[in-house]
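Enquirer: Provided herewith is a single structure, encoded as structure tokens, for subsequent inquiry.
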Amino acid sequence: MSTPKKNLLFIFKSTPYGGMASQEAFDAIVSATIFEQNACALFIDDGVFQLIKGQQPNFRASQAKQLSSLPFYDLEKIYACKRSVQARDIKTQNFCLDAELLSQEQIFDLIHCQDHILSF
Amino acid sequence: MIFSILIKNSPCNLELSSCALKYCESLVNQGHSIEQIFFYGDGVEIANNNRLQSPDDFNIYQKWYDFFEEQRLEPLVCSTAAARRGLFGDEEAARNPQHITANIFAPFSIAGLGQLVEACTRSDRLISFG
């Protein structure tokens with residue numbers, strides 16, 4: 001694509017199986033990487049539940065399994081909100097992929113340097 | 001400024017849907033341009049032609065259609081999100097005539113997520129609803 005690259009932040013803020021949002025966020029971020037944009041992902045609020053490995057949903061593909069494919073799309077900038085992770089007592093050892101924990105301040109900075117934000 | 005709009009809420013959320021429409025109208029009134037309006041997630045329901053309007057309900061569909069026509073906009077509907085909710089365009093229906101009938105028509109066009117990404121690259125601002 002000849003158009004200039006944009007910094008796109010995809011915010012994953014929904015539970016993995018509470019609706020289609022998590023799936024649709026995944027589809028959208030994959031499209032952004034296929035179209036060679038500077039995409040990054042931030043998991044925040046209940047969205048951090050999507051990161052827990054070993055999910056065994058009955059009616060859908062595992063969101064964690066899907067997410068663990070993100071590095072293969074050359075998406076390396078994956079962040080999680082430290083406060084959301086701690087509030088839900090989730091251990092980072094249980095994450096399905098390497099996500100850098102960000103403080104509130106770092107999240108403000110991250111949001112600040114984006115061209116567009118898509119939140120799901 | 002060039003804006004693109006991403007709508008993810010169902011039109012049944014009348015409050016939010018009319019808020020989005022008013023926002024779009026204000027953009028135009030203030031001289032901004034709308035590069036694209038993209039319907040994703042539950043937002044694709046706006047394109048469903050197969051529905052009956054109850055006279056008691058506020059006709060948000062017609063309001064949007066009027067806006068698209070006035071502004072000569074071609075709103076895009078995500079094909080995957082639409083198919084998940086039983087919404088199809090002519091071409092898809094023609095491929096599976098035994099199973100589905102088309103219920104998305106002009107002014108809506110069926111699109112891929114790539115077109116949303118492209119709209120982002122051409123816009124100064126992306127505004128999401130829902």
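The values are calculated or read from the model by the stated rules, or taken from the named source; none is laboratory data. No experiment lies behind these values; they were computed from the predicted model shown. For neighbour counting, all protein chains shown are included, and Cβ atoms are generated from backbone atoms with ideal geometry for every residue, glycine included. Accessible surface areas use protein heavy atoms only, side chains included; no ligands, DNA or RNA. Shrake-Rupley method; radii C 1.70, N 1.55, O 1.52, S 1.80 Å.
Enquirer: Which residue pairs have Cβ atoms under 8 Å apart, sit 6 or more places apart or on different chains, and have a first residue in the stretch A:92-120 that is within 14 Å of another protein chain (Cβ to nearest Cβ) and among the aromatic types (Phe, Trp, Tyr) and a second that is in a loop (DSSP other than H, G, I, E, B) and open to solvent by 50 Å² or more (accessible area, probe 1.4 Å)?
Expert: A:PHE120/A:LYS13
Enquirer: If you don't mind, another one. Residues in the stretch A:65-117 that are over 15 Å from the mean Cα position of the chain (by Cα) and either more than 30 Å from B:ALA119 (Cβ to Cβ) or hydrophobic (A, V, I, L, M, F, W, C) (or both): how many?
Expert: Count: 14.
Enquirer: So, in the stretch A:1-59, of the ones that are part of a strand (DSSP E or B), open to solvent by 30 Å² or more (accessible area, probe 1.4 Å) and not aliphatic (A, V, I, L, M), which residue ends up farthest from B:SER128 (Cα to Cα)?
Expert: Per the criteria, the residue is A:ASN38.
Enquirer: Pull up the stretch B:21-45, narrow it to residues that are farther than 17 Å from B:GLU69 by Cβ and of a type in the set (A, V, I, L, M, F, W, C), then point me to the one that is surrounded by the fewest Cβ atoms within 10 Å (Cβ to Cβ).
Expert: Here the answer is B:PHE38.
Enquirer: OK, next. Which condition does B:ALA94 not pass, out of (1) out of contact with any Lys or Arg (no Cβ under 9 Å at 6 or more places or on another chain); (2) closer than 25 Å to A:LEU118 by Cα, if it passes all the others?
Expert: It fails just one condition, (2).
Enquirer: When you look at A:SER62, is it hydroxyl-bearing (Ser, Thr, Tyr), closer than 22 Å to B:GLN115 by Cα, open to solvent by 10 Å² or more (accessible area, probe 1.4 Å) and modelled with pLDDT of 95 or more, yes or no? I'd like the intermediate steps shown before the answer.
Expert: Details: hydroxyl-bearing (Ser, Thr, Tyr): yes; closer than 22 Å to B:GLN115 by Cα: no; open to solvent by 10 Å² or more (accessible area, probe 1.4 Å): yes; modelled with pLDDT of 95 or more: yes.
Answer is no for this residue.
Enquirer: Would you check if there is a residue in the stretch B:75-92 being in contact (Cβ under 8 Å) with a residue 24 or more places away in the chain and either more than 14 Å from chain A (Cβ to nearest Cβ) or out of contact with any helix residue (DSSP H, G or I) (no Cβ under 9 Å at 6 or more places or on another chain) (or both)?
Expert: yes
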